[in-house]
Structures are given as structure tokens and as C-alpha cells.
1. When the Karplus curve 6.51 cos²θ - 1.76 cosθ + 1.60 is applied with θ = phi - 60°, which whole-Hz ³J(HN,Hα) does each residue of segment 98-106 get, with x for Gly and Pro?
2. Looking at (i) 80, 51, 35; (ii) 66, 52, 40; (iii) 51, 37, 33, which value of Cα extents along the principal axes in Å comes from a calculation on the structure shown?
3. Computed on alpha carbon atoms, what radius of gyration and Dmax characterise segment 134-199, expressed in Å?
4. Please label the shape of segment 60-129 as rounded, prolate or oblate, based on the square roots a ≥ b ≥ c of the eigenvalues of the alpha-carbon gyration tensor (a/c under 1.5 means rounded; beyond that, a/b larger than b/c means prolate, else oblate).
5. Apply the Karplus parameterisation 6.51 cos²θ - 1.76 cosθ + 1.60, with θ equal to phi minus 60°, to every residue of segment 214-229 and state each ³J(HN,Hα) to the nearest whole Hz, in sequence, with x for glycine and proline.
6. Please list the non-local residues whose amide H lies under 5 Å from the amide H of Tyr80, H modeled 1.01 Å from N, same-chain partners needing a gap of 5 or more.
7. List, in order, the whole-Hz ³J(HN,Hα) value for each residue of segment 156-167 obtained from phi through the Karplus relation with A = 6.51, B = -1.76, C = 1.60 and θ = phi - 60°; use x for Gly and Pro.
8. Long-range amide H contacts for Ile157: which residues qualify at under 5 Å (H placed 1.01 Å from N, peptide plane, sequence gap of 5 or more or a different chain)?
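Readers should treat all values here as calculations from the given coordinates under stated rules, not as data from a laboratory. Here the structure is a predicted model, which means the values were calculated and not measured. Glycine gets a Cβ as well: all are built from the backbone with ideal geometry, and neighbour counts include every protein chain shown.
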Amino acid sequence: RPIAADQTNWPIADYRYGGVFFGRDIVHTGVDIPSPEGTPIMAAGPGTVVWADWGLFRETPGDETDPYGMAIAIRHDFGYNDQQLYTIYAHMSQMIAFVGQHVETGEVIGLVGSTGATTGPHVHFEVRFPHNSFFYTYNPELWIAPPQGWGVLAGRIMDEKGELIQQMEILVAPERASRTFTVRTYGKGGAVNSDPYYQENFVLGDLPAGIYKVSFKYDEERVQTWVEVFPGQVSYFTYKNKEGFTIAPPPAPTLDFVPAALPATPTPQP
């Protein structure tokens, strides 16, 4: 997580990944985590700083009109499916890390601010792979570790043709609590990508473990199902019109090839 556990570090519900803001085709490519001005921002994992400047959104160093304000990008020491992984930290009031510096998990790289296009102090956090580009982002809520005893809910909601439904409001209500969580499916935009494994179009992270009723309106009819969120895990479901809900994870990834059999070890001759 880019903000310490003893600080407010939950993503703003109205500014989740895939939300549409400021225009019909402008989608949000990360999550916004509000914190007081000057709160330390930490590296989410070990890696090397490859950007520490204004201008990251437009990839124009020194551009103080850039909507990301002062921002840092880290190329991590680990990847995903042999692809390079990056994380982005935007809107800083001060950058502490510098390009070429190797940082460890939890090392302070900057301070929360409101530089760039913001409505208040927060850190805009992104996950990118395999390129450090605006068009290669993925939902950070599938990467952020939930608090102990909490989990993550992801889903894929489709129409009768199997096409992903955009900007649908989903209600997630705990079985024994009054609060209802709201999340929307991703909007249309070339910068929004589903996870290669889950192929989801919504994620709701940081949910206390328990049983939840998930409901949404499809063809003027409200449909619902029950899902269980487990500590430290991603719970997953799919919905396709007429076929209904499937509460099961995607099939486990398989090898793209079958390794050739190794030759038998020759028996030593006397």
C-alpha cells in the first residue's frame, strides 16, 4: 500500500479505477487515496525510480501544467507473467526519491499533496505493465493487500452477447450490517484494461470478510446473488444475461506448451 496502515488509506469510492470523470471518454486509470497534506507516500514494493518530475501524464519532463502534478514512477524488481511491472504515485507536494534510486517496500518516496488536477490532497496510485504508459494500466485494487481479516470482490458482468456492460451501478450489502457499498463497472476507454486472469469489469477492495448480497438492475429488473468474501483473498463471480450468475474463479492458468520429455539417463557401464 502507498500509505501506511496507521493512516487513512482507503481509496475514494467515487474515484475508483475505470470511473468516468471530466468528460464522456475520460476514464480514471488508478485509485485516489485521500490523506492530509504532507503524509508520507511509501514505495509499494522494491524497485528503481524511473520518473521523479512533473509531466508524467503527458510524458513531458518539467511540464508544470501536467494533470498528475509532481509524480514518481517505480520499475519493480518483480513482474507479472514475465512482464515488467510499474507503480505510479501522483499529486505529490514533495518528491523525496530521485531517478535511478533503488527503493525498498515501505521506503518514503514523497509526501501527499494536491499538485496537478485535484480537488484536495491525495495520492493517485496506478499499476502498469508491461510498459510505463497511460494505456497499460490495471486495477490497483487487485494488487493492494487488504487489511488483515478483509478481502476483495471482483466480477465480470456481461450482456446476452457476452459483451462487458459499462458504468453499471452495483450494490454490495453485508449480510449483517446497515452499510451498503456501491461500485460501478468500468467505463469505455483504451486506457482501462481487465486483469489477464480475472477479465473483470469491476473490483471492490478492502471488504471485511463475510457474506454479501450483490445486486444490480438489468433490463429494468433487479437481479441479485450472495457471495462470501474471505480474508486475504479475491472472491469472484460472473453474470451473463439468461445464464445468470456463476460463483467460481476463472480456470487456473495452464502452460502454453508441453515441455519435451527429458532423455533417459544412460546407465553407467562398468
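1. So the J values, rounded to whole Hz, are 9, 4, x, 6, 8, 10, 9, 3, x.
2. (i)
3. 13.8, 40
4. Numbers: a/c = 1.92, a/b = 1.66, b/c = 1.16.
In terms of gyration-tensor shape, prolate.
5. Per-residue couplings from phi come out as 9, 9, 7, 9, 10, 6, 6, 10, 7, 10, 8, 8, 10, 10, 10, 9 Hz.
6. Leu85
7. 10, 10, 10, 8, 5, 8, x, 7, 5, 8, 9, 6
8. Those lying under 5 Å, H to H, from Ile157 are Ile165, Asn201, Tyr239.
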